[in-house]
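Working notes for the structure below.
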Amino acid sequence: MRIDVVTIFPEYLHALRLSLVGKAVEGGVLALGVHDLRDWTTDRHHTVDDTPLGGGAGMVMKPDVWGRALEDVLALGVSHCGPEGRTVLAIPTPSGERLDQRRVEDLAGADHLVIACGRYEGIDSRVAEHYARRVEVLEYSIGDYVLNGGEAAALVLVEAVARLLPGVVGNPESLAEESHGAAGLLEYPVYTRPPLWRGLAVPDVLLSGHHARIARWRRDRALERTSARRPDMVAALTASQLERGDREVLTRLGWAATPAGPRPLAVRHATGDDVAHLAELAAETFPLACPDHLPAEDVAAFVRANLSPARFREYLADAGRYLVLVAELDGELAGYTLSVLPRAADEPPYAADVEAVVTVRPVAELSKIYVREAVHGSGISQALMDATLAALAARTVEGQPLVGVWLGTNARNRRAHTFYARTGWELVGTRHFTVGGRVEDDAVFLRRLVASPS
Ligand code: SAM
């Protein structure tokens, strides 16, 4: 590759003689030319600028001087790379496309890169317009701030492109995990010796030698960092960029790992405004957990009796008795929980067969936890569960904190069983449950909210 930089301050670019770019030039991986724009001036004062037409402050760089300079510099590329080579004229400007790693990767594939550094109010616009007819022109910005000249932006571009050329960075693996790479994440925090410095210890896992655990730790930190600093990058991830184990940390960070990639997830208390959507969601999701042999009319009767808008209005009106949380995915309801609290500390679960196996008091019931089928497996149930347990753990009944929560789930619903077992629930027995006059077998699970004194 050949890079030519045209500037009125060639010394500014001396920094390119240093470090990896300097070595790449010495080693012949990169041909680099730095040119003084004033060499193409024709007057005694080497004038490169003039007043802006139409008036206004500052000066504008003259197109005739730039035109002469670019003809010669573009010709250098033709002699170096041949007439078929890909040439890009890059013009730094705060009004350009924001430079990013994808664009840098693209430019690393060019044969000849010419960087035209503006000063003052910039270069006469016809220069970009004219050369766009002959070569690729990229007007790029290195960030939303204004510099005095394009030289610093040229240094940025040369360094970013050069390190992607084969042989420039010693260990190409170090490029793979970097911020803005194929993973679409910011890099995890890095450490070196000593393991303890000014009272700050390097995380133990990095000293463990356990490669899988280190990889997971780094991935979690990268996700956390990206979520906090660049949520736009998390939202741009695709499902195929997610790894096993990402879902849990994403859920904790307020994202659901949906089939379309991570989407913002918020779990909150339901309000009166949610009633219509809640009833719709409940009617849609309740049948999912019912065994196939249950007649549809029985399921529908249950939904009418217990999950209608009127019923949800009653639940919300009786906050001492009911807790309703909703999961909002990208602003739409995607799941909910309904918990039933005891009115008295020693109130037993309402069914005798549950009372026999759930003996802790005060105890609440997690009556419903449902998530839209299209987003099953996205971590929404987990987020709902965590928020519900946290809300219940903060509740007291007659001054006593809730000790446990129980739930019943159809004995044949394997998916639910696996989920409850994985999230710390203990299978304590069975009960009978009536849907539309049919008696079903339910498994009863219990989850303690406070550690019982040993
Ligand atoms: N009048 C211009 C505007 O408001 O867009 C700003 C001109 S600036 C003072 C002078 C030169 O600095 C630009 O022509 C460009 O070469 C360079 N420059 C300034 N900020 C830049 C940025 N954020 N990215 C790339 N180049 C920049």
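Taking each residue as 0.36 nm, the span from Glu121 to Glu355 lengthens on full extension beyond its C-alpha to C-alpha distance by 76.2 nm.
When the distances between all Cα atoms of the range 2-170 are binned every 10 Å from zero, what whole-number percent does each bin get? Calculated P(r), rounded to whole percents: 10, 40, 37, 11, 2, 0.
Taking Cα centre as origin and charging only the Cβ of basic (Lys, Arg, +1) and acidic (Asp, Glu, -1) residues, the dipole magnitude of the chain rounds to 1260 debye. Mind sorting Leu242, Leu196, Leu70 by how few other Cβ atoms lie within 10 Å of their own Cβ, fewest first? Listing Leu242, Leu196, Leu70 from fewest to most nearby Cβ atoms yields Leu196, Leu242, Leu70. One compactness figure for the range 87-199 is 1.30, namely its Cα radius of gyration divided by 2.2 N^0.38 Å.
Orientation-averaged projection of the range 142-283 equals 14.9 nm² [convex hull of Cα atoms, one quarter of hull surface area]. Restricting the calculation to alpha carbons of the chain gives Rg and Dmax of 32.5, 104 angstrom. Label-to-label distance, Asn171 versus Arg244, with points set 7 angstrom from Cα along the beta-carbon direction: 2.7 nm.
Which is the longest run of the chain containing none of the chymotrypsin sites (Phe, Trp or Tyr not before Pro) found in DSSP loop states (not H, G, I, E, B) with at most 11 other C-beta atoms within 10 Å? Answer - 146-349. Listed from fewest to most Cβ neighbours within 10 Å, the set Thr430, Thr7 follows the order Thr430, Thr7.
Across the chain, C-alpha contacts under 8 Å between residues 6 or more apart give a mean separation that, scaled by the residue count, equals a relative contact order of 10 percent. Cα-based radius of gyration for the range 235-363, normalised by 2.2 N^0.38 Å, reads 1.28. For Gln101 and Glu426, FRET efficiency with R0 = 41 Å and r from the beta-carbon atoms, rounded to 0.05? In this case the efficiency is close to 0.25.
Of the Cα atoms belonging to the range 196-261, the radius of gyration and Dmax stand at 13.8, 45 Å. Distant-in-sequence amide contacts of Val137, defined by a placed amide H-H separation under 5 Å and a gap of 5 or more residues or a different chain, comprise Leu89. For the range 210-347, the relative contact order works out to 20 percent when only alpha carbon pairs closer than 8 Å and six or more residues apart are counted.
Full extension of the chain between Ala228 and Glu11 yields a length gain of 74.2 nm, computed as 0.36 nm times the residue separation minus the alpha carbon distance.
Dividing the radius of gyration of the alpha carbons in the range 367-430 by their Kirkwood radius gives 0.99 for Rg/Rh. So for the chain: antiparallel DSSP bridges make up what percent, rounded to the nearest 5? So the antiparallel bridges in the chain amount to around 65 percent.
For the range 290-418, dividing the convex hull volume of the Cα atoms by the residue count gives 134 Å³ per residue. Remark: Glu280, Glu11, Glu224 ranked as Glu11, Glu280, Glu224, counting other beta-carbon atoms within 10 Å and listing the fewest first. Summing charges over all other residues whose Cβ lies under 12 Å from the Cβ of Leu316, with Lys and Arg as +1 and Asp and Glu as -1, gives -1. The angle separating the long axis of helix 211-229 from the principal Cα axis of greatest extent in the chain is about 80 degrees. Rounded to the nearest 10 degrees, the inclination of helix 380-393 to the longest alpha-carbon principal axis of the chain is 60 degrees.
The numbers here are math on the coordinates, done by the rules we state, and not lab data. Since this is a predicted model, take the numbers as computed values, not measurements. As a convention, Cβ positions derive from the backbone with ideal geometry for all residues, glycine included, and neighbour counts pool all protein chains shown.
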